1. Assess whether Val80 counts as being farther than 21 Å from Glu200 by Cβ, within 16 Å of the ligand (Cβ to nearest atom) and at pLDDT 95 or above.
2. Does region 99-124 hold any residues that are in contact (Cβ under 8 Å) with a residue 24 or more places away in the chain, within 16 Å of Glu200 (Cα to Cα) and either near the ligand (Cβ under 10 Å from one of its atoms) or of a type in the set (D, E, K, R) (or both), and which are they?
3. Out of the residues in region 248-267 that are of a type in the set (A, V, I, L, M) and within 12 Å of the ligand (Cβ to nearest atom), which is nearest to Gly284 (Cα to Cα)?
4. Please count how many residues of region 20-30 are surrounded by fewer than 23 Cβ atoms within 10 Å (Cβ to Cβ) and not charged (D, E, K, R).
5. Within the bounds of region 16-33, is there any residue that is in a loop (DSSP other than H, G, I, E, B), out of contact with any helix residue (DSSP H, G or I) (no Cβ under 9 Å at 6 or more places or on another chain) and under 18 Å from Ala231 (Cβ atoms)?
6. Is there any pair with a first residue in region 37-49 that is assigned by TED's automatic domain parsing to the domain that holds Asn276 and aliphatic (A, V, I, L, M) and a second that is part of a loop (DSSP other than H, G, I, E, B) and modelled with pLDDT of 95 or more whose Cβ atoms are under 6 Å apart and which are 6 or more apart or on different chains, and what are they?
7. Out of the residues in region 11-39 that are of a type in the set (D, E, K, R) and over 18 Å from the mean Cα position of the chain (by Cα), which is farthest from the ligand (Cβ to nearest atom)?
8. Where residues in region 61-105 are β-branched (Val, Ile, Thr) and in a strand (DSSP E or B), which of them is surrounded by the most Cβ atoms within 10 Å (Cβ to Cβ)?
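The values are calculated or read from the model by the stated rules, or taken from the named source; none is laboratory data. All figures in this text were calculated on a predicted structure; none of them were measured in a lab. Quick reminder, even Gly has a Cβ in these numbers, built from the backbone with ideal geometry, and neighbours come from all protein chains shown.
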Amino acid sequence: MPHDAVIIGGSYAGLSAALQLVRARRRVLVIDDGRPRNRYAARAHGVLANDGRPGAEIAATARAQVAAYPTAAFRMAEAVDVARVDGGFSVVFADGTRTTGRRLLLSHGVEDVLVDIPGVKERWGRTALHCPWCHGYEVGGGPIGVLGRGEMAAHYAATVAEWGDVTLFLDLDNALSPENARLLYRRGVTIEPTPIARLEGEAPTLTGARLVDGRFVPLKALFVGAAVRIACPFAETLGCDMTDTPLGRIVKVDATQQTTQPGVFAAGDLARAASNITLSTSDGLTAGHALFRSLVEEETA
Ligand SMILES: Cc1cc2nc3c(=O)[nH]c(=O)nc-3n(C[C@H](O)[C@H](O)[C@H](O)COP(=O)(O)OP(=O)(O)OC[C@H]3O[C@@H](n4cnc5c(N)ncnc54)[C@H](O)[C@@H]3O)c2cc1C
């Protein structure tokens, strides 16, 4: 096996795991095709010591630091298939070539499944946002919309209310519990039951939402509780158990980021219900240490 670990997804989670492993002088291959989830946002926020720095720049610094270790290898390519083989795993690339490694770390992230409202897609990461902790401060107050689903929307809107005057666009057919109605009232949230027809303004700028009844609600930003989808089928191909969360299906892991399949680890957005750069980095570190321990256990058995 040319590699102790093959890592599919070389962003925050994958690079964090790689850093731990190459520092342990293990041979690591990081595979990445350059599509991190936050690529739509100009800057990343809430990341200690990197607040306001472009997300791509943070990842590039991390990549350069990992690459400085002699046992690190990179392949900028798309992985299209994985399989368990004798002694480890094989990974197939889009051009048909393949590689093998003793352990596999899945850190290829998730995709956001955006609501089908005209104007959301072209503003994603700029004025149509997913996380108030990441981008709420930069909105700078004023009228903010929240688009949510079910009871979760109430807590989402109550949080976003810290950063502006919130209108929650909510389908009231999903009746709000008295507790959540009280929470929204106390947070000063206005509930708008009429659906949005489209977002208006010159994208990525947002001036407001046009409702299906023709009314216009001025907005500086719209927070969207998007569902997520794991785009690559690798975990399922390998027989890893999955787990359902309110935002979508993710890979089931234990406290050390080990999946239910021996030798397969998962870290970052694809293995946690809600995530950010810091949490993905932390998961990657945990996975790197656990993966290392599993190699040592095999070598000393
Ligand atoms: C618009 C937006 C803005 C955000 N802003 C912030 C912010 O300000 N602060 C913050 O902390 N968090 C922010 N986040 C959240 C943050 O982006 C994620 O939590 C973080 O990127 C997750 O890291 P990850 O390593 O798990 O996955 P990702 O960063 O998504 O990386 C996955 C990597 O795997 C690669 N990959 C996928 N499939 C394959 C394949 N088949 N073969 C090879 N490579 C593959 C991709 O190219 C990608 O580089 C934002 C999210 C969004 C959607």
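1. Yes.
2. Within region 99-124, Glu122, Arg123, Trp124 meet the criteria.
3. Filtering first and then ranking leaves Ala267.
4. Residues that pass the stated criteria total 3.
5. yes
6. As it stands, the answer is Ala41/Gly125, since those pairs meet every condition given.
7. Among those residues, the one meeting the criterion is Arg25.
8. Residue satisfying both the conditions and the ranking: Val91.
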